[in-house]
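Everything on this sheet refers to the single structure shown next.
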Amino acid sequence: MSATSISYTDFEKALKKGRPPNVVKLFPNSRALIVSGKFIDRAMLAKGKAMTMAANGRNSFVIRGALQAAQKANAAIIIEIARSEGGANAYCAVNYWNMARHVDAICNELGITIPVAIHADHYGIKKVEDLEAARIEIPTLFDAGLTSIAIDASHMPDDKNLLANIELNSFIPKWAGLETEVGEIKGKAGLSTVDEALFLIQGLNAHDIFPDWIALNNGTTHGIEESSQGIQIDLTKEIHDALSDYKVSGAQHGTSGNSSDRLREIAARTRTTKANVATALQMISWGLEVNDYGNAILDDKGNFIKVKGEGTTENIWNEMTSYAGANELKGGNYKKLNLPFENKLLGQPKEIRERMTNRVENFIYNMLVNVLNTKDTAPLAIEAILEANAYDPGPKAKNIVDPVHWTEDKIIERAGLISSDKGPEGDFDD
C-alpha cells in the first residue's frame, strides 16, 4: 500500500486530469474531485479486502455527513440515489439531476479533497418498452454531472436483461463507472446463481462491455428489515470466483440489514468493493434510534423511537409522524417523507442542521474505518488517476469471449438452458 496522505501537488494534478468532461463543463472553477466510479473501485482493489460505502443521498444532510466522514477517514466514497428515489417520479428532493450540484457545492464549501463518484443506482428497466425512454433519459443524467450508473434490468428474464444492457451501453460514456445486476433483490427468495451471473458477464464481454461491478440477489432486502439470513457470503464468493477471469467487482445491495461482522466478512472473503447504504442513513439523520444493523428500532407498538435532542427537532418529527399517519405511511414507506419535508428540515436552526449532519458523519465514519476497511483509500484513488494521467483508467478486463456465439438469437437460445429460480412475482422496490 502506498502513502496514506494526499500531497497538495498530487491533488492539484488529480484535479486537473481526473475530472471527466461533463463535470469540468458543469463546474469549470470547482475544486471538488468528482471522478469516475472506476477510480473508486480501483482504490478498493488496490487496498484489498476493502469496500467503500455508496451512501444513498436521500436528503442533503446525508450527503453532507457522508462527505465529512469520508474526508475524516481519508477514504474514497460514492454518493448515489436510485431511480425510484430520485428519478422522474422521485420521492426525494435530491435526484439524478441535482445530486452532482449538491456534492460539488458541499465539497467546495467544506474543502473536501477526497475523490467522490456520483452514481445513478438501480436505473431500472422492468420491461422492454422501458428502453425507448431510457435511451433519451440516460444521457441527461451524465449531462447533469453523474459519473457512474447501474443498469438494472434484473426484473426481466436473463436474455432480456443481457440484451437491455447491450442496447443501453452506447448511451453511457466509456469513462463512466458501470454496474450491472443479476437476480432481483428479493431477500432469501430467487437467489442468484453462478450460471446466471456468468451468462450476463460473458454476454457483455462478447460485446466489449466490461462492467466495474455486478450486483446479485445474495440474500439481502431493501428497507428496514433485519434478517438472520442476510448476505449469503459463501454464495457471493462462489459467484465472484467464477467471474474472476472477467475482473468484475461486487456491489452489495441491502447492506443496512446486516451486522457489522457480516459486512467485515464479505469485505474479507469476496471481491465486493461497493456497499450500498440507504435507509439507515435517512433514519439516522432524522434522529431515530438504530441498532448495529443500521435498522431503526421499533417500540412495542411498532413505532420508530426518536432520540430526544438528536436529529431533527421534536416538533418537526411530530409533524412528520402526523403526515405519515394521515397518508398511511408505515415502516419502510417513511422514506416518502423525504420530499415533503426536505425544505422544512433545511429551515431549522443551524445547530439542529449540524447535529443531523454530524450524526450521519459519525455513523459513516465508523463504518468506513471499523467495518468496511476503507480508511486511507483516497490516496489510492488519486494514484490511479495519476497513473492513468486521464479521467478514464480504461476497463479492467479485455475481450475473451467470442462474439460469434453471442448474437441475439444465440443469447435467447442460451438463456433457455439456464436453470434458475427467480422467486415470487411482484413489484420489489429498489
Can you sort 210, 39 from fewest to most other Cβ atoms within 10 Å of each residue's own Cβ? 210, 39
Taking the Cα centre of the chain as the origin and placing charges on Cβ (Lys, Arg +1; Asp, Glu -1), which of 51, 88, 122 is farthest toward the positive end of the dipole? 51
Mind scanning 47/274; 237/375; 247/410; 13/72; 126/274; 237/274 and naming the pairs with a C-alpha gap bigger than 19 Å? 237/375; 247/410; 13/72; 126/274
Quick check on the chain: of the DSSP beta bridges with both residues there, what percent are antiparallel, nearest 5%? 10 percent
Once both label points are put 7 Å beyond Cα along the C-beta direction, the residue 7-residue 171 separation in nm becomes 4.4 nm
Using the Cα gyration tensor of the chain, with a ≥ b ≥ c the square roots of its eigenvalues, what is the shape: rounded (a/c below 1.5), prolate (a/b larger than b/c) or oblate (neither)? oblate
Write down the percent of antiparallel bridges among all DSSP beta bridges whose residues are both part of the stretch 67-223, to the nearest 5. 0 percent
Consider a paramagnetic label point 7 Å from the Cα of residue 418 along Cα→Cβ; state which residues of the stretch 391-409 have an amide N under 15 Å from it. 406-409
Cut-off 11 Å (backbone N to label point 7 Å along Cα→Cβ of residue 366), residues of the stretch 279-293: 290-293
Fewest to most neighbouring Cβ within 10 Å: what's the order for 146, 178? 178, 146
Within a 10 angstrom radius of the beta carbon, how do 307, 103 rank from fewest other beta carbons to most? 307, 103
Sequence gap at least 6, Cα distance under 8 Å: using those rules, report the relative contact order of the chain to the nearest whole percent. 24 percent
What is the dipole size for the chain, taken about its Cα centre, with +1 at each Lys and Arg Cβ and -1 at each Asp and Glu Cβ, in debye to the nearest 20? 1420 debye
Positive-end extreme of charge dipole, the chain - chosen from 297, 76, 142 (charges on Cβ): 76
Potential extension, residue 390-residue 242 segment - 0.36 nm per residue separation minus Cα distance: 50.2 nm
Top positive-direction residue, dipole computed over the chain with Cβ charges, set 368, 8, 165: 8
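Every read-out reported here was derived from the displayed coordinates using simple, explicitly stated rules and does not represent laboratory data. Computed from a prediction, not measured in an experiment: that's the story for all the values here. Heads up, the Cβs are rebuilt from the backbone with ideal geometry, glycines too, and the neighbour counts pull from every protein chain shown.
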